[in-house]
Ligand code: SF4
Ligand code: SF4
């Protein structure tokens, strides 16, 4: 299932989740809100949920795979 929900009422439109996603799952709409665009590519790595400053993203662990980070 992967990234499940983005709460627009909480979202600050900072774009961090879009930038941080290693699978390029999220895009921004014309109002700068993140949109789940390529859900099939989500690996449930939780980076977007973890780093969202507003706790606006919910990820489910159904397909959990920890990201391979370059640092
Ligand atoms: S990181 Fe959180 S607050 Fe920022 S755009 Fe994404 S959902 Fe919104
Ligand atoms: S859980 Fe990971 S792969 Fe899925 S949208 Fe969030 S950052 Fe991207």
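Things to note:
- Matching residues, region 19-54, being part of a helix (DSSP H, G or I) and more than 9 Å from ligand 2 (Cβ to nearest atom): 19, 40
- Considering region 4-24, the residues that are touching a strand residue (DSSP E or B) at 6+ places or on another chain (Cβ under 6 Å) and under 20 Å from residue 70 (Cβ atoms) include one that is surrounded by the fewest Cβ atoms within 10 Å (Cβ to Cβ), namely 18.
- Residue in region 2-9 that is within 13 Å of ligand 2 (Cβ to nearest atom), touching a helix residue (DSSP H, G or I) at 6+ places or on another chain (Cβ under 9 Å) and in contact (Cβ under 8 Å) with a residue 60 or more places away in the chain present: yes
- Restricted to region 32-58, and to residues there that are more than 20 Å from residue 70 (Cβ to Cβ), free of Cβ contacts under 8 Å to residues at least 24 places away in the same chain and more than 11 Å from ligand 1 (Cβ to nearest atom), the residue that is farthest from the chain's Cα centre (by Cα) is 40.
Read-outs throughout are calculated quantities, based only on the coordinates presented, and are distinct from any laboratory measurement. Predicted, not measured: the structure shown is a model, and the values here were computed from it. As a convention, Cβ positions derive from the backbone with ideal geometry for all residues, glycine included, and neighbour counts pool all protein chains shown.
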